[in-house]
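The values are calculated or read from the model by the stated rules, or taken from the named source; none is laboratory data. Worth saying up front: this structure is predicted, and the values here are computed from it rather than measured. Heads up, the Cβs are rebuilt from the backbone with ideal geometry, glycines too, and the neighbour counts pull from every protein chain shown. Protein only, heavy atoms only, side chains kept; ligands, DNA and RNA dropped before computing areas. Shrake-Rupley method; radii C 1.70, N 1.55, O 1.52, S 1.80 Å.
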Amino acid sequence: MKIAFVGKGGSGKTTLSSLFIRHLAASGVPVMAVDADINQHLGPALGLDEDEAAKLPAMGARLPLIKDYLRGTNPRIASADTMIKTTPPGEGSRLLRLREANPVYAACARPLDLEGGTDVRLMATGPFTESDLGVACYHSKVGAVELCLNHLVDGRDEYVVVDMTAGSDSFASGMFTRFDTTFLVAEPTRKGVAVYRQYKAYARDFGVSLHVVGNKVQGPDDVDFLREEVGDDLLVTFGHSDWVRAMEKGRPPRFDTLEPANRAALRTLFETADASYERRDWERYTRQMVHFHLKNAESWGNEKTGADLAAQVDPAFTLGEGSAAQRTPASSPAPQPA
């Protein structure tokens, strides 16, 4: 299951995504956590100190390795250099599965031992550095996440939780359609619900499952405000948390001491995400992937790569849980981290 947390900067989406990841891990569910926000706060929210978080391998810096591995033997892709963030898989492509070992995870993922639960793999797109100024766009870094999601085959009891870029930046590509459920974190203010209106408008035509999670809610008046603004899209609310305050100071208590009301809210998130499995439509998912690839190819991809990227689309291929992955032969060396 692929789950996105979105919202305006400062809404608390990173905090709530980290709580949801902890809840999943405590429940024994395999989890891949992905920090797709260039501000890179998910690691510390999951217990890393600043030095440890700074040492996380950046997916954006390992994009050549990722492309080379995912390309596999796909005859429609002439070289890894012609792959862009929206390139879809086809026959011969290597697919990613959550519980496997592969060179992409070896290079980009790091295990986290969260108290009382299963290990979590953490990946991060990487920060926007001074060396990027004037020569790079941070969307190219986030593109590494999108490319991996395009090639990911995940099942019901496997979770990929992505802390997305703030605001509506994910609409710069088709990444907002890559998820089974999207949780939009909103504060009970006019600015807090403004991103919701943008997201709702963009997502309407793509069947995005969108739920609003109210955060920093202090009482019934806040709940009423959110209900008036977002209607039935309001799923649940989170209130003040001494546990979160301690976590933000670098001294998180045991997770089972999280306030009962907030624990109940996390259970609601989990039940909602789990129920979305029944609505999975791999054909629509693949069709949307192709739609955005062709759109990006025409607008900038063909010119940048010097190739006809529409030719990368395999019309006979549909991504799904039964899709066959092309694997690295045992006798061949796996790509090495950059």
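Quick one: of LYS85/LYS216; LYS8/LYS216; LYS67/LYS200, which pairs are farther than 25 Å apart, Cα to Cα?
Numbers: LYS85/LYS216 35 Å; LYS8/LYS216 13 Å; LYS67/LYS200 32 Å.
Result: LYS85/LYS216; LYS67/LYS200 exceed 25 Å.
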Q | Spin-label model distance (nm) - GLN218 vs ALA275, 7 Å beyond Cα toward Cβ | A | 3.1 nm
Q | Cα lying deepest toward the dipole's positive end in the chain, options PRO253, LEU210, GLY174, charges on Cβ | A | GLY174
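Compute the FRET efficiency between LYS304 and ALA201 as 1/(1 + (r/R0)^6), taking r as their Cβ-Cβ distance and R0 = 22 Å, and round to the nearest 0.05. Intermediate values should be presented prior to the final figure.
Values: r = 29 Å, r/R0 = 1.31.
So, using R0 = 22 Å, E works out to roughly 0.15.
Hey, any idea what % of the range 1-73's accessible area is carbon plus sulfur with a 1.4 Å probe? Walk me through the intermediate numbers first.
Details: 1080 of 2290 Å².
Solvent-exposed carbon and sulfur of the range 1-73 make up 47 percent of the total.
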Q: Can you check what the net charge comes to around LEU258, using other residues whose Cβ is under 13 Å from the Cβ of LEU258 (Lys, Arg +1; Asp, Glu -1)?
A: +1
(Q) If amide hydrogens are placed 1.01 Å from N in the peptide plane, which non-local residues have theirs closer than 5 Å to the one on LEU114? (A) VAL120
(Q) Show me the three semi-axes of the equivalent ellipsoid for the range 1-110, from the C-alpha gyration tensor (sqrt of 5 times each eigenvalue), largest first, rounded to whole Å. (A) 29, 16, 14
Q: Please give the FRET efficiency for GLU248 paired with ALA311, using the beta carbon to beta carbon distance and R0 = 56 Å, rounded to the nearest 0.05.
A: 0.70
Q) What share of all Cα pairs of the chain, in percent, falls into each consecutive 20 Å distance bin? A) 31, 59, 10, 0
Q. Counting only heavy atoms of protein chains, what accessible area per residue, in Å², does the range 75-128 have with a probe of 1.4 Å?
A. 39 Å²
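Restricting to DSSP H runs of at least four residues, report the calculated mean residue ellipticity at 222 nm for the chain, -39500 (n - 2.57) per run over all residues, nearest 500 deg cm²/dmol. Don't skip to the end; give the middle numbers.
Working: 12 runs with 118 residues, N = 338.
For the chain, the value works out to -10000 deg cm²/dmol.
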Q: Under 18 Å from a label point 7 Å along Cα→Cβ of ASP51: give me every residue in the range 241-258 with its amide N that close.
A: 250-251
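What full-extension length gain, to one decimal in nm, is calculated for ALA194 and ARG263 as 0.36 nm per residue of separation minus the Cα-Cα distance? Write down the numbers at each step before the final one.
Working: separation 69, 0.36 × 69 = 24.84 nm, distance 2.70 nm.
Extra length available between ALA194 and ARG263 comes to 22.1 nm.
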Q: Would you grab the residues whose amide H sits under 5 Å from the one on LEU96? Only those 5+ places off in sequence or on another chain, please, with H modelled 1.01 Å from N.
A: LEU152, VAL153
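On a 1.4 Å probe surface of the protein chains, which of ARG99, ARG267, ARG121 comes out largest in accessible area, and what is the full order?
Details: ARG99 155, ARG267 110, ARG121 65 Å².
Descending accessible area places them as ARG99, ARG267, ARG121.
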Q: Could you look at the range 180-338 and say what percent of its accessible area is carbon and sulfur, using a 1.4 Å probe and all protein chains?
A: 50 percent
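Can you check what the net charge comes to around TRP243, using other residues whose Cβ is under 15 Å from the Cβ of TRP243 (Lys, Arg +1; Asp, Glu -1)?
On the way: positive: ARG22, LYS216, ARG245, LYS249, ARG251, ARG254, ARG263; negative: GLU115, ASP242, GLU248, ASP256, GLU259.
Surrounding charge for TRP243 is +2.
Find the all-direction average of the projected area of the Cα convex hull for the range 217-300, expressing the result in square nanometres with one decimal place.
Working: hull surface 38.6 nm².
Averaging across all directions leaves 9.7 nm² for the Cα convex hull.
Estimate the FRET efficiency between ARG156 and THR73 by the formula 1/(1 + (r/R0)^6), using the beta-carbon distance for r and 30 Å for R0, to the nearest 0.05.
Numbers: r = 29 Å, r/R0 = 0.98.
It comes out at approximately 0.55.
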Q) Between the range 57-125 and the range 234-265, what is the C-alpha centre distance in whole Å? A) 32 Å
Q. Would you list HIS23, HIS41 from the most to the least accessible area, probe 1.4 Å?
A. HIS41, HIS23
Q: Please give, to one decimal in nm, the separation of the simple spin-label points placed at ALA101 and ARG227, each 7 Å out from Cα toward the Cβ.
A: 5.3 nm
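At a 1.4 Å probe radius, which order do HIS291, HIS211 fall into by accessible area, largest first? Mind showing how you got there, number by number?
Working: HIS291 85, HIS211 40 Å².
The ranking, largest first, comes out as HIS291, HIS211.
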